[in-house]
Amino acid sequence: MPKGKPWTAEEEKQLRELVGQGKSINVISGVLGKSKDSIRVKLNRLGIEVVDHTVSARSTTSRLSIPGDLPSVEESLQTLCKTLDALDAPGLDQTEVLRLRTIIQGIKIYKELFADYINYREIEEKVAEMEEAYERLAATTKSLAKKQPTQVVQA
């Protein structure tokens, strides 16, 4: 890989200033007339960390907002129908087809997890009912035991 021109002290100073101003690597590259890779290498050598927006734009992490209420299975199926209709449209590019298929897969998984969640909630409710019934039974048994003295059988 051929080396470019060495960095001058003035270019390094300008690099530090641009980083201090929060400029992206793309902007810095344009201002200094150096490749993005050259900028990254120089920043690394200088021990300067910069968030590279060109890299983070492709990140798989995202900030998700959690809804207050879970969408019902019916709402999910409506979204599924809309997605299937959109998938039928002619002339879709590969990226859009992939996006729509991902939505369909997500809805399928959501429906399965939602069903598990509903079953879990039902089990929780039944356990709570059984605990209450047990407590009532234990209290009744205790009060009956206090009312009836224990009979001692002598042999």
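Here, each number is a calculation from the coordinates, and none is a lab measurement. None of these values were measured; they are calculated from a predicted model.
Starting at 0 and stepping by 5 Å, how many percent of the alpha carbon pairs of region 73-133 end up in each bin?
Pair shares across the bins are 4, 17, 18, 15, 11, 9, 8, 6, 5, 3, 3, 1, 0.
Can you tell me the length gained on complete extension of the stretch Glu75 to Gln105, counting 0.36 nm per residue apart and subtracting the Cα distance?
Working: separation 30, 0.36 × 30 = 10.80 nm, distance 1.52 nm.
Between Glu75 and Gln105, full extension yields an extra 9.3 nm.
Determine ³J(HN,Hα), in whole Hz, for all residues of region 11-20 in sequence, where each value follows from phi through the Karplus function 6.51 cos²θ - 1.76 cosθ + 1.60 and θ = phi - 60°; x replaces Gly and Pro.
Residue by residue, region 11-20 yields 5, 4, 4, 5, 4, 4, 5, 5, 5, x Hz.
Stretched out fully, how many nm does the piece from Tyr120 to Val41 gain, at 0.36 nm a residue minus the Cα gap? Write out the running numbers ahead of the final one.
Numbers: separation 79, 0.36 × 79 = 28.44 nm, distance 5.27 nm.
Taking Tyr120 through Val41 to full extension adds about 23.2 nm, to one decimal.
Report, ordered by chain and residue number, the lysines lying within cross-link reach of Lys23, taken as a straight Cα distance under 16 Å and ignoring same-chain residues fewer than 8 apart.
Within the straight-line cut-off, Lys23 pairs with Lys13, Lys34, Lys36, Lys42.
When 1/r is averaged over all different Cα pairs and the result inverted, which Kirkwood radius in Å belongs to region 9-54? Please report the intermediate quantities before stating the final value.
Working: mean 1/r = 0.0974 Å⁻¹.
When all Cα pairs of region 9-54 are included, the Kirkwood radius is 10.3 Å.
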